[in-house]
Each structure stands twice: as C-alpha cells, then as structure tokens.
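Data first, discussion second: the structure below is written as structure tokens.
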Amino acid sequence: MTLHFTDVATRLPAEDLDRARAFYAEKLGLEPVEEREGGLRYRCGNSYFVLFQSTGRPSGDHTQMGLEVDDIEAVAAELRRRGVVFEEVDVPGLRTAHGLADIRGNYPSKGTGERGGWFHDSEGNLLGIGQPVG
C-alpha cells in the first residue's frame, strides 16, 4: 500500500491564545480563517497552520515554522518596524548579520541557497523567514 498525503499543516502551541492571536495580527498581518474553542487556523499561501491552546511551552531552539517570502530585506524591515526582534546566530556553518543569514545549498531544487532569518512569536515558538537564492 502506498501512502498518499493530501496536505500538511503546522501546529504551534500557545499558552495564551489571545496574546498569540494579537501577535500574529499585529506583527505578521494574519487573521485566522477558522476558529474553534482552543484553536485558531491560519492560511499562508497554499498552506495552513494552527495555533492551539497548550499548557506546554515550546523549546524555541529550533525552527518550528518557516515562511517563504519574495523579498526578505523588505519583509525583515517591515517586521522590525512592527517590533519583531530577529535572532542573531553564530554557530559553525551559520552566521547572521543584522538578523539575516546566507545559507548555501539549502534545498537546491529552489536555487543555490536561501537567505533566512529567525524570530520568536509571543509564545516562544521560533519562526523563520526565507527567500530562495539563485
């Protein structure tokens, strides 16, 4: 039997769903397309993600959701204007400058690499923005 998956969606925990909803609206300009008790569903492009009420807290030490953009410099500037703080990273093979990094060979089907940056949402989830290069 071959498995056939029809869609994929990210699930992000939120200790305070109202606070998370405000962050996603004010900082990212996103509004839920569907709501239920304890959960908010959002659409980005052709994908969906969900914020769900949780008593747990994300580690925030790895990218939990990545958002692809067409102009990372413009998007990063607008996010900063809205109060988003980008993480600075300096580990072997990955170093940011002003919150953005060049990542060689990242998903070669999309080009020669990616330019990316990371920030935390109001709940501690680590989100990334990325733009394919080349």
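The values are calculated or read from the model by the stated rules, or taken from the named source; none is laboratory data. In this text the structure is predicted, and so the values were computed from the model without any measurement. No Cβ is skipped: glycine too gets one built from the backbone with ideal geometry, and neighbour counts run over all protein chains shown. Only protein heavy atoms, including side chains, enter the accessible area calculation; ligands, DNA and RNA are left aside. Shrake-Rupley method; radii C 1.70, N 1.55, O 1.52, S 1.80 Å.
Would you be so kind as to identify which of Gly29, Thr2, Pro13 lies farthest towards the positive end of the dipole of the stretch 1-40, taking Lys and Arg as +1 and Asp and Glu as -1 on Cβ and the Cα centre as origin?
After comparing all options, I get Thr2.
Using a basic spin-label model with each label point 7 Å from the Cα along Cα→Cβ, how many nm lie between Asp61 and Arg104?
Going by the 7 Å Cα→Cβ label model, 2.8 nm.
Probe of 1.4 angstrom, ligands and nucleic acids ignored: what's the accessible area per residue over the chain, in square angstrom?
Numbers: 8460 Å² over 134 residues.
I get 63 Å² per residue for the chain.
With a/c under 1.5 counting as rounded, go ahead and sort the stretch 2-53 into rounded, prolate or oblate using the C-alpha gyration tensor (a ≥ b ≥ c being the square roots of the eigenvalues; past the cut-off, prolate if a/b is larger than b/c, else oblate). Write down the numbers at each step before the final one.
Numbers: a/c = 2.62, a/b = 1.71, b/c = 1.53.
It is prolate, given that a/c is not under 1.5 and a/b is the larger ratio.
Show Thr6, Thr96, Thr55, Thr63 ordered by accessible area, largest first, where the area counts protein heavy atoms only and the probe is 1.4 Å.
Sorted by accessible area, descending: Thr55, Thr6, Thr63, Thr96.
Quick one: net charge of Thr112's neighbours, Cβ under 14 Å, K/R +1, D/E -1?
On the way: positive: Arg104, Lys110, Arg115; negative: Asp102, Glu114.
Every neighbour counted, the sum reads +1.
Taking a 1.4 Å probe, which of Glu73, Glu26 shows the most accessible area, and what order do the others take after it? Could you put the intermediate results ahead of the total?
Numbers: Glu73 95, Glu26 125 Å².
I get Glu26, Glu73, largest accessible area first.
Return the distance in nm (one decimal) between the two label points of a simple spin-label model at Asp70 and Val133, each offset 7 Å from Cα along Cα→Cβ.
2.1
In whole percent, how big is the carbon plus sulfur part of the accessible area of the stretch 1-117, probe 1.4 Å, protein atoms only? Walk me through the intermediate numbers first.
Values: 3900 of 8020 Å².
After summing per-atom areas, the C and S share lands at 49 percent.
Using DSSP, restrict attention to beta bridges with both residues in the chain and report what percent are antiparallel, rounded to the nearest 5.
Restricted to the chain, the bridges split so that about 70 percent are antiparallel.
Which FRET efficiency value, to the nearest 0.05, do you get for Ser47 and Ala97 by plugging their Cβ-Cβ distance into 1/(1 + (r/R0)^6) with R0 = 35 Å? Walk me through the numbers on the way to the answer.
Values: r = 29 Å, r/R0 = 0.82.
In this case the efficiency is close to 0.75.
Give me the distance between the Cα centres of the stretch 112-133 and the stretch 3-68, rounded to whole Å.
15
Go through Glu68, Glu87 and list them by solvent-accessible area, largest first, probe radius 1.4 Å.
On the way: Glu68 115, Glu87 65 Å².
The ordering from most to least exposed comes out as Glu68, Glu87.
Just the accessible area for Val84, please: 1.4 Å probe, Å², rounded to the nearest 10?
Estimated to the nearest 10 Å², Val84 gives 10 Å².
Give, in nm to one decimal, the length gained when the segment between Leu3 and Ala25 is fully stretched (0.36 nm per residue of separation minus the Cα-Cα distance).
On the way: separation 22, 0.36 × 22 = 7.92 nm, distance 3.60 nm.
The Leu3-Ala25 span can extend by a further 4.3 nm.
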